[in-house]
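Worksheet: one structure, shown below.
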Amino acid sequence: MVGTSLLGVRGKTLNNLDRIVRSVRAFSRELTRSPNGLPPSRRLTLGIALGGGFARGIAHIGALKVLEQENIPVDYVAGTSVGAIIGAAYCGGMTAAELAEMARTLRFSDFARWTLSRYGFCNSDRMVRLFERTLKKHTFEELAIPLAITATEFRSGEAVVFTKGALVDPIRASCAYPGMFLPVEIDGRWYIDGMLAYGVPTTPLRRMGADRVIGIYLSSNWSEARPPRHVFEVIGHCFCIAQSKLSESWVKDADLVLEPDVSGFTYDCFERADELIAAGETAMRAALPQVRAMLNLPQTSKSQKIGFTPVVTSAVPQPSIPAA
């Protein structure tokens with residue numbers, strides 16, 4: 001009887017200890033659970049959508065530079081037009097410093113060759129040699145960071161996202177600005193500028209799996225208060241109006257929209273690369289508190305100490321229409 005009683009007491013003691021251990025483990029899990037409900041080891045992934053704007057797109061380099069300096073990893077990139085060029089170079093392993101050095105040497109003639117055609121004034125075949133010389137990787141599969149390049153199918157107007165194969169032709173297609181560059185043929189289909197499909201390609205990043213998305217929008221309002229000087233500014237301002245009207249289609253997929261101050265810069269002002277880089281850097285550094293908050297990162301931003309004024313927008317402003 002005594003032995004049976006001792007076994008019963010021992011069994012109860014073990015059961016109590018087991019309950020205590022389970023309770024401690026559950027309490028420990030609650031203490032280590034992240035605020036967003038994800039496992040502690042699960043880092044939120046970041047996607048960057050780089051919009052079009054030709055030379056103004058050099059501002060994207062400044063934004064990437066700040067993320068690089070702050071050790072905030074970029075997990076996905078999507079690019080439209082000039083955003084496709086910078087995205088391909090960055091995802092292929094070029095640092096922000098290397099991108100800046102490349103941007104300082106670029107001129108319009110590196111991208112375009114004047115031609116006589118009823119489809120446009122410029123041929124983009126020079127881009128082939130440019131990318132062969134500058135890009136470290138030449139296919140999507142080689143890239144260190146997943147990349148999406150957007151273009152618009154000319155006949156149907158379909159939004160097309162390239163993620164496989166060689167980079168050069170999808171980039172050329174994404175940059176095929178109507179009226180300026182000739183359409184680009186890929187596998188029997190003709191493509192024009194990706195800005196008609198995605199002004200800022202946030203939606204492809206969601207489909208790629210990005211938890212958080214930053215869209216970088218570069219206003220294409222080249223004319224400002226004065227009348228347009230030539231046909232390219234007329235086309236450019238038409239794009240500005242179209243982008244503004246279509247902004248809801250991509251803003252909804254962005255957690256944060258940055259608009260670097262690129263007012264006063266023309267579409268071909270490559271000689272002002274350092275100023276454009278600074279504009280992108282200022283916009284991203286001002287937004288660092290929001291970036292860190294949405295990624296659940298510690299608020300150790302340098303911008304808090306320096307005292308930048310944020311220039312983050314949640315929507316794209318309506319353009320002002322120049323006088324006739």
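Observations on the model:
- When Glu70, Glu132, Glu158 are compared by accessible area of protein heavy atoms, the largest-first order is Glu132, Glu158, Glu70, using a 1.4 Å probe.
- Sequence-ordered 3J(HN,Hα) estimates for the range 70-83 from the Karplus curve with 6.51, -1.76 and 1.60 and θ = phi - 60° stand at 8, 6, 9, x, 9, 9, 9, 9, 10, x, 10, 6, 4, x Hz, glycine and proline given as x.
- Extension gain for Asp274 to Ser109 (0.36 nm times residue separation, less C-alpha to C-alpha distance): 57.5 nm.
- The packing ranking, built from the mean of other Cβ atoms within 10 Å per residue, places the peptides 293-299, 178-184 in the order 178-184, 293-299, highest first.
- Between Val213 and Gly47, Asp255, Leu256, the built amide H atoms are under 5 Å apart, and every one of these is 5 or more places off in sequence or on another chain.
- Global geometry of the range 46-185, whether rounded, prolate or oblate, following the gyration tensor of its Cα atoms and the 1.5 cut on a/c: prolate
- 3J(HN,Hα) couplings calculated from phi for the range 86-96 with the Karplus curve 6.51 cos²θ - 1.76 cosθ + 1.60 (θ = phi - 60°) are, in sequence order, 5, x, 5, 5, 5, 5, x, x, 6, 7, 4 Hz; Gly and Pro show x.
- Apportionment of accessible area to carbon and sulfur, the range 56-102, percent (1.4 Å): 50 percent
- With 22 Å as the limit, the listed pairs Lys65/Lys136; Lys65/Lys164; Lys65/Lys252 have Lys65/Lys164; Lys65/Lys252 beyond it between alpha carbons.
- Note on Glu158 and Gln299: the model spin-label points, each 7 Å out from Cα along the C-beta direction, lie 4.7 nm apart.
- In terms of its C-alpha gyration tensor, the range 245-300 has an oblate overall shape, because the principal axis ratio a/c (a ≥ b ≥ c, square roots of the eigenvalues) is not below 1.5 and a/b does not outweigh b/c.
- The range 57-108: C-alpha gyration tensor shape, a/c 1.5 cut-off, then a/b vs b/c: oblate
The values are calculated or read from the model by the stated rules, or taken from the named source; none is laboratory data. All figures in this text were calculated on a predicted structure; none of them were measured in a lab. FYI the Cβ positions are ideal-geometry reconstructions off the backbone, even for glycines, and counts take in every protein chain you see. Just the protein is used for accessible areas: all its heavy atoms, side chains included, with ligands, DNA and RNA removed. Shrake-Rupley method; radii C 1.70, N 1.55, O 1.52, S 1.80 Å.
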